1. Counting other C-beta atoms within 10 Å, which of 38, 10, 20 has the fewest, and how do the rest follow?
2. So for the range 45-255, considering every pair of alpha-carbon atoms, how many percent are separated by more than 26 Å?
3. Which percentage, to the nearest 5, of the DSSP beta bridges contained in the range 45-255 is antiparallel?
4. 222 nm [θ] for the chain, helices only, -39500 (n - 2.57) per DSSP H run of 4+, per residue, to 500?
5. Only Cα pairs within less than 10 Å get springs; with that Gaussian network setup on the chain, which residue of 218, 85, 117 has the largest fluctuation?
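A short reminder: the numbers here are calculations on the coordinates, not readings from a lab. Small disclaimer: the values here were computed from a predicted structure and weren't measured. Don't worry about glycine lacking a Cβ; one is built from the backbone with ideal geometry, like all the others, and counts go over all protein chains shown.
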Ligand SMILES: Nc1ncnc2c1ncn2[C@@H]1O[C@H](COP(=O)(O)OP(=O)(O)OP(=O)(O)O)[C@@H](O)[C@H]1O
Ligand SMILES: [Mg+2]
């Protein structure tokens, strides 16, 4: 028995048959285009993910180089060891994230940590480079250091690492280098301002710096795009702001608890 809705091509006029073939061809073309769009999206996603992971590993190696530059072989301190351990754990977590395709983590398994822990890890990672470049580094807490944050620790380190490294680049050749971090909160969000008195950002570049692959430093233009991506994942936001006495300030705001949408 013929299937319902099926019209035997024998009963179609040549014009109807042509129309049917044309429609089928159109459907095939639409599917081909949709597959191309999906394929391109996947390719773009994988390119970005690979670039983020490569950039992170490069950052960790830069931090490690900082330790090696200043290491006194006859007096290796506990802090030096901690610094190297922190770098290797960043590399391990970046690789783990890469193999998980950078997908947002299940919020139930995210452990809360005190904000001071994030700042100490950043300090450990950058201590040598800040000393080496003679950068006056200040962290101003407008919240208790024990303020709990329940977010993906590694993602936040990656983000602030990228912002710190940019500041360090912007400070090259500047006299009286300053890097200031100010931490505040409202009811649901934590805000971290990272300010430097480096070369600053030209007005025409202010909108473009968050675009993937935009760079004025001959870098890869990946650092800030990664911060944007992390902030999207945690329902936070990164933008340029202003602080008196500084040329560049990044404002990073994200929910204190990972299931809160801001
Ligand atoms: N603190 C800063 N001071 C001045 N310019 C900055 C600062 N931070 C970022 N920028 C500008 O934003 C651009 C993009 O930064 P981003 O971190 O994405 O890429 P990059 O540093 O150039 O390269 P990459 O991070 O991949 O090595 C930089 O090239 C620079 O022009
Ligand atoms: Mg950068």
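1. Numbers: 38 10, 10 6, 20 13.
Final ranking by Cβ density, sparse to dense: 10, 38, 20.
2. Values: 7160 of 22155 pairs.
Here the tail beyond 26 Å accounts for 32 percent of pairs.
3. Working: 22 of 28 bridges.
The answer is about 80 percent antiparallel.
4. On the way: 5 runs with 126 residues, N = 262.
The helix-only estimate for the chain comes to -17000 deg cm²/dmol at 222 nm.
5. 218
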